[in-house]
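The values are calculated or read from the model by the stated rules, or taken from the named source; none is laboratory data. The model shown is predicted, which means the values in this text are computed figures rather than measured ones. Cβ sites come from the backbone with ideal geometry, for glycine too, and all protein chains shown count toward neighbours.
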Amino acid sequence: MFKQYLDEHTDDKTTNQIRLAFPLSIRAPPKSVEDFQLMNQFAIVPMDIKLVGDMKNGLKTIKEGMDSLKNSFEPFAWMYVTKVTM
């Protein structure tokens, strides 16, 4: 949708991705319901999102990027960067 907006309302034909920041939980998943604890452990993580023409491919692209981030150490790095700079 954002790609469509750029195409219709601007002369920009070169932008093919945007960078968004979002909160990502870094808690380990609980082993059972009894182990669940409400802890505020999250990191604000930037992610480059490719602009595509249709919603189905856009959601697929975002999910692939999120899954990749969730399986990396990058959220932990961003959490510590945030703690150090605040």
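Scanning region 27-56 for residues that are assigned to a helix (DSSP H, G or I) and not hydrophobic (A, V, I, L, M, F, W, C) yields Glu34, Asp35, Lys56. A single entry from Leu24, Leu59 fulfils the requirement of being outside any loop (DSSP other than H, G, I, E, B), surrounded by 12 or more Cβ atoms within 10 Å (Cβ to Cβ) and among the hydrophobic types (A, V, I, L, M, F, W, C): Leu24. Out of the residues in region 62-86 that are part of a helix (DSSP H, G or I) and of a type in the set (S, T, N, Q), state the one that is surrounded by the most Cβ atoms within 10 Å (Cβ to Cβ). The residue in question is Thr82. Applying the condition of being exposed (fewer than 11 other Cβ atoms within 10 Å of the Cβ) and hydrophobic (A, V, I, L, M, F, W, C) to region 27-47 and asking which residue is farthest from the chain's Cα centre (by Cα) yields Val33.
Just one of (1) at pLDDT below 85; (2) touching a helix residue (DSSP H, G or I) at 6+ places or on another chain (Cβ under 9 Å) fails for Asp48. It is (1).
Within region 48-86, work out how many residues are β-branched (Val, Ile, Thr) and more than 14 Å from the chain's Cα centre (by Cα). Here the count works out to 5. Cβ-Cβ distances below 7 Å connect no pair with a first residue in region 1-12 that is at positive phi, a second residue that is of a type in the set (Gly, Ala, Ser) and part of a loop (DSSP other than H, G, I, E, B), and a separation of six or more residues or different chains.
If the condition is being farther than 30 Å from Val84 by Cα and either at pLDDT 85 or above or assigned to a loop (DSSP other than H, G, I, E, B) (or both), then region 4-21 contributes His9, Thr10, Asp11, Asp12, Lys13, Thr14, Thr15, Asn16.
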